[in-house]
Amino acid sequence: GFLSVVLIGAGLLCIPFATVKEGTDITFMDALFTATSATCVTGLIVYDTYTYFNTAGQAVILTLIQLGGLGLVTLTSFFYLLIGKRVGLRTAHLTQESVGSDQRLNTGKLTKFLVFFTAVMELLGGLLLSIYFVPRFGRYGIFMSAFFAISSYCNAGFDLMGMRVPFSSLTAYVSDPLVSLTICMLIIIGGL
């Protein structure tokens, strides 16, 4: 499942709809590296996310970050619960392992809690960040807020601040308490 997500993500990033300039080529190896980094939430990049990928490409990266951050097993268990299927023993055991628990847990309750808690934290973080980004960047500020909230909560390290200077990350916001503290809290809560 993990390999499939990475390969699908790399394939999507190779399609010209994902890059800023029509006809800009990304090699499959670079797309594979980016997709793997996003899914493994490492934050290593070959190209600056803002300057090389358009909103569609950024959305692919964001989806990979969310899948990797929550974990494929957790998401699989959650979707089983949504459609009313029972979670098998193997999936329940994998879910326990993915959250680092050695005790028998109610997988259904745990999965629902993890997905709900993640959604609430990312939403709150996105709302706080939108106070800063929406007035400065308009509608794109909404996407930026969501991107930063998800990337921070999942500890992914991807950013969209290449609009200022490529590869600059959040260095321009070091003295802004709203942005800095929101990002810090999301990283800490997501890590826990």
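The values are calculated or read from the model by the stated rules, or taken from the named source; none is laboratory data. In this text the structure is predicted, and so the values were computed from the model without any measurement. Please note: Cβ atoms are built from the backbone with ideal geometry, for glycine as well, and neighbour counts cover all protein chains shown. Areas reflect the complete protein model, heavy atoms only, side chains present, ligands, DNA and RNA absent. Shrake-Rupley method; radii C 1.70, N 1.55, O 1.52, S 1.80 Å.
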For this session: Starting from residues that are among the aliphatic types (A, V, I, L, M) and in contact with a Ser or Thr (Cβ under 7 Å, 6 or more places away or on another chain), keep the ones in region 135-160 and report whichever is nearest to Ala56 (Cα to Cα).
Result: Leu160
Problem set entry | Scan of region 165-179 for residues that are open to solvent by 80 Å² or more (accessible area, probe 1.4 Å), touching a Ser or Thr at 6+ places or on another chain (Cβ under 9 Å) and more than 15 Å from Ile45 (Cβ to Cβ), ordered by number | Val174
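Yes/no per residue for (1) in a helix (DSSP H, G or I); (2) touching a helix residue (DSSP H, G or I) at 6+ places or on another chain (Cβ under 7 Å); (3) among the polar types (S, T, N, Q):
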site: Glu122; (1), (2), (3): yes, yes, no
site: Phe133; (1), (2), (3): yes, yes, no
site: Phe143; (1), (2), (3): yes, yes, no
site: Ala149; (1), (2), (3): yes, yes, no
site: Ser169; (1), (2), (3): no, yes, yes
site: Ser175; (1), (2), (3): no, no, yes
site: Ile188; (1), (2), (3): yes, no, no
Problem set entry | Search result, residues across region 33-58 that are of a type in the set (A, V, I, L, M, F, W, C), open to solvent by 40 Å² or more (accessible area, probe 1.4 Å) and under 16 Å from the mean Cα position of the chain (by Cα) | Phe33, Cys40, Leu44, Ile45
Problem set entry | Hey, Thr107 modelled with pLDDT under 95, under 13 Å from Leu186 (Cβ atoms) and either among the β-branched types (Val, Ile, Thr) or in contact with a Pro (Cβ under 8 Å, 6 or more places away or on another chain) (or both) or not | no
For this session: Please state which of the following conditions Thr63 fails to meet, knowing it meets all the rest: (1) of a type in the set (S, T, N, Q); (2) open to solvent by less than 60 Å² (accessible area, probe 1.4 Å); (3) at pLDDT 75 or above.
Result: (2)
Exercise. When you go through Leu3, Leu12 one by one, which is the residue that is open to solvent by 60 Å² or more (accessible area, probe 1.4 Å), without any contact (Cβ under 8 Å) to a residue 12 or more places away in the chain and either touching a Gly at 6+ places or on another chain (Cβ under 6 Å) or assigned to a helix (DSSP H, G or I) (or both)?
Worked result: Leu3
